[in-house]
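Read through the structure below, which is laid out as structure tokens, and then see the notes.
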Amino acid sequence: MSDLVFVLNSGSSSIKYQLLHAKSGEVLASGIVERIGEPDGKIVHEAGDTRLIREGAIPDHRDGLRQAFELFNDTGIDLKTIGITAVGHRVVHGGEVFYQPTLINKEVLETISRLSKLAPLHNPANVIGIESTLELLPGIPEVAVFDTAFFHDLPAPARTYAIDAKLAAEYDIRRYGFHGTSHQYVSEQAAKFLERDTTELNQIVFHLGNGASASAIRGGRAVDTSMGLTPLEGLVMGTRPGDLDPGITPYLMHIANMDLADIEHLLNRESGLKGMSGVNDFRALGKLIESGDAAAKLAYETYIHRLRAYLGAYMLDLDRVDDIIFTAGVGENSVEVRADSLSGLERYGIHLDGSRNATRTPGIRRISTDDSPVTVLVVPTNEELAIARAAIDLVD
Ligand code: AMP
């Protein structure tokens, strides 16, 4: 059987896709469709050494994917005949229902759509992505891989909010966690690197991208994570605040005359680093800090302060920590974030090696000293590969 998988990550205003071999991870083509629904849409498509850029209106997701398929044809790849074994979809919210990769049928699709109440920004876009590939690639098995799945079995005290229990049950209010595919993938990769089994390891993962989350993993099972019912909770992020006093919402409604839509926009798009400093991109933040911008400096310090609070909590939670993993755009690239997150923690067994931390090499790397009781690793995440492997395993 071929191990060729088409992976789709259909977001609210963009679609990312990859055509790859699940075993070797070799990517035949990949692309991103951006600014869907706006007049200045853009598709960047890469296949081997060829890079094609198409600009112009992309009215909706279906059209975006149709145009991407044309670009595949332009680079000599006919997706219908190349021998794809499965289509893998990143689906953000699986609710209480889905906690494993799941073969998509009509009922599954309806349930994913129903779960939109828990992820109104994400699940509807996932559904459109699935409907589009069902139409464009008929007859190929489609598999949904859920961002929440890895955290489905969090221990009850870690998944429960201290609110009215009946209300929580009636409206499915619990801590679900997100970025699960990445947390699971990098923790497994780290175990392989350390030549240990995940069941033997206690690990802490920091997935630090534009969205950011932390997790505590005991023996391969997640026991805590920083995101909750929605991906707003936890660490400071590019445009999201992470933890807030829940009283801020009614306070703003009273005092600033904001309505629900204003507050949703504020919390999802205008908070975090962007709210504090005006920029959400870490490289831009770094430049502002270098120029002496006080707001950017405070944003960075708040980011680190929150991250260390989670680190401390998870160290206590796990008792013995074998490894700490940094991943995603900021985690893999920012020497400063890693150094500042772990500075002064030698008495807790965390000894960072400054020169290893500052030396960039591809793949997994150890950035703690050889005799550090806690190993610190940079592990590149690869959600597409994890989704492709999950899809192939299921179809097999
Ligand atoms: P992701 O969501 O994983 O794509 O990560 C996006 C974030 O990673 C953005 O804030 C980028 O600024 C940040 N990032 C990417 N490359 C670097 C880099 N070389 N140094 C610092 N931050 C980076």
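Any read-out appearing in this document is the output of simple, stated calculations on the displayed coordinates, not a laboratory observation. The model shown is predicted, which means the values in this text are computed figures rather than measured ones. Virtual Cβ from ideal backbone geometry, glycine too; neighbours counted across all protein chains shown.
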field: Potential extension, A57-R320 segment - 0.36 nm per residue separation minus Cα distance
entry: 89.3 nm
- request: Tell me which residues come under 5 Å, amide H to amide H, from V223 once H is placed; ignore anything under 5 positions away on its chain.
  value: A216, I217, R218
message: With the cut-off at 1.5 for a/c, could you classify the stretch 117-169 from its C-alpha gyration tensor as rounded, prolate or oblate?
response: prolate
field: Cα-based radius of gyration of the stretch 194-249 once divided by 2.2 N^0.38 Å, which approximates compact folds
entry: 1.36
field: Length added when fully stretched, T359-A168, from 0.36 nm per residue minus Cα-Cα
entry: 64.0 nm
- line: Row for the stretch 114-241, column shape: gyration tensor on C-alpha, a ≥ b ≥ c, rounded if a/c < 1.5 i.e. under 1.5, prolate if a/b over b/c, else oblate; value oblate
- prompt: Which is farthest toward the positive dipole end of the chain among I112, V279, H93, measuring Cα position about the Cα centre, with Cβ charges +1 (Lys, Arg) and -1 (Asp, Glu)?
  reply: V279
- request: Return the sequence-ordered ³J(HN,Hα) values of the stretch 132-141 in whole Hz as given by the Karplus equation 6.51 cos²θ - 1.76 cosθ + 1.60 applied to θ = phi - 60°, using x for Gly and Pro.
  value: 5, 6, 4, 6, 7, 10, x, x, 9, x
query: Could you state the per residue volume, in Å³, of the convex hull enclosing the Cα atoms of the stretch 255-341?
result: 135 Å³
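Rounded, prolate or oblate: pick one for the stretch 293-396, where a ≥ b ≥ c are the square roots of the eigenvalues of its C-alpha gyration tensor, a/c under 1.5 means rounded, and failing that, prolate if a/b is larger than b/c, else oblate. Please report the intermediate quantities before stating the final value.
Numbers: a/c = 1.69, a/b = 1.44, b/c = 1.18.
Cα axes put the stretch 293-396 in the prolate bin.
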- prompt: Amide H to amide H under 5 Å from F146: which residues, 5+ apart in sequence or cross-chain, H placed 1.01 Å off N in plane?
  reply: V91
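Quick check on packing: order 258-265, 189-196 by the mean number of other C-beta atoms within 10 Å, highest mean leading.
Top to bottom by mean Cβ count within 10 Å: 189-196, 258-265.
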- prompt: Label points 7 Å out from Cα along the Cβ direction at E336 and S2: separation in nm?
  reply: 4.7 nm
task: Could I have the simple spin-label model distance between S113 and E264, label points 7 Å from Cα toward Cβ, reported in nm to one decimal?
output: 1.9 nm
message: Using the Karplus curve 6.51 cos²θ - 1.76 cosθ + 1.60 with θ = phi - 60°, what ³J(HN,Hα) values do you get for each residue of the stretch 98-109, in whole Hz, with x for Gly and Pro?
response: 10, 9, 9, x, 9, 5, 8, 10, 4, 5, 4, 4
- line: Percent antiparallel among DSSP beta bridges confined to the chain, rounded to 5, stands at 70 percent
statement: Expected vector for the stretch 178-190, Karplus 3J(HN,Hα) from phi with 6.51, -1.76, 1.60 and θ = phi - 60°, integer Hz, x for Gly and Pro, equals 9, 6, x, 4, 6, 4, 5, 4, 5, 5, 6, 4, 4
query: Expressed in nm to one decimal, what extension gain is obtained for the pair R221 and D153 from 0.36 nm per residue of sequence separation less their Cα-Cα distance?
result: 23.7 nm
query: What per residue convex hull volume, in Å³, do the alpha-carbon atoms of the chain yield?
result: 159 Å³
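Run through every distinct alpha carbon pair of the stretch 8-135 and return the Kirkwood hydrodynamic radius in angstroms, one decimal place. Display every interim value, and only then the final one.
Details: mean 1/r = 0.0652 Å⁻¹.
Mean inverse Cα-Cα distance, inverted, gives 15.3 Å.
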Label-point gap, in nm, between L134 and L252 - each point 7 angstrom along Cα→Cβ: 3.6 nm
field: Between the stretch 340-371 and the stretch 222-293, the Cα center-to-center distance that results, in Å
entry: 29 Å
